[in-house]
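Trainee: Following this message is one structure expressed as structure tokens.
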Amino acid sequence: MTWVKICGITNLEDGLVAVDAGADALGFVFYEKSPRKVDAEKAREIVKQLPQTVEKVGVFVGNTDWLSILLEAGLTAVQQILMMDGKADGSQRAVGLGVLPRPPRMYTSFPVAEFLEDEDKVRALAADFAQLHRKFDDRPPMPQGVFDTFFLDSGNEHRPGGTGKPFDWRKAVPIAEGMRQGGLKLVVAGGLNPDNVAEAIEVLQPWGVDVSSGVEAWPGKKDSEKVRAFVQAVRRTEKSA
């Protein structure tokens, strides 16, 4: 089954709607400039009323010190959004998390759109993903679930994490293939909605999909019908595959 994350949760009602619709994970944004931003206290209030089976993902931009927020809010995963300068290295903290009773999963969001107009860059990025794990063979081993899953999004320096518009999925096919060759999991993000998620899955065959603005009534508030329609569209695509 395709992993489904509903991101930008700001209230319990939206979280429960997403869970009831069949989402596998909920995302909580800790980026000051986002209209979907929550603080650790608010996230904790929501998280403690959610089923344990649902993954609770803290979304952070750049080199934010996420560890204290993760612990305070009771999150089960961290998603770091790379800035355009490529800075977002949580590897040292991730290694230390192995001592926790339940180490969180670690995801990385990669702004792929700017690479897609240059075929040489596409090939180079695909090769990098295919060889990624081999490049770190001399480093301490990461806990399971750490840096094995990458989100491809349409973000830029002004809107890290996504622009609300999809990137060109077909141009990204070589990158998706490189990730699979490297044993990495791909999550498609950026500009998804109930009407186009099936095409994204058919083109890129990802492990998961991530949606935020595409299922909103307005920034920070989900539209329950759109949330349900999104998850249903994903499941229909699986059945027709």
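Trainee: Does region 34-77 come out rounded, prolate or oblate, given a ≥ b ≥ c as the square roots of the eigenvalues of its C-alpha gyration tensor, rounded meaning a/c under 1.5 and, failing that, prolate meaning a/b above b/c?
Mentor: Prolate is the answer for region 34-77, as a/c is 1.5 or above and a/b outweighs b/c.
Trainee: Provide the per-residue ³J(HN,Hα) series for region 171-176, in order, calculated from phi with Karplus coefficients 6.51, -1.76, 1.60 and θ = phi - 60°, each as a whole number of Hz, with x at glycine and proline positions.
Mentor: With coefficients 6.51, -1.76 and 1.60, one gets 5, 8, 4, x, 5, 4 Hz.
Trainee: Next question, about the same structure. For Gln52 and Arg170 in one chain, what is 0.36 nm times their gap in residues minus the Cα-Cα distance, to one decimal in nm?
Mentor: 38.9 nm
Read the figures in this text as sums done on the coordinates, not as results from a lab. Just so you know, these numbers come straight off a predicted model, no measurement behind them.
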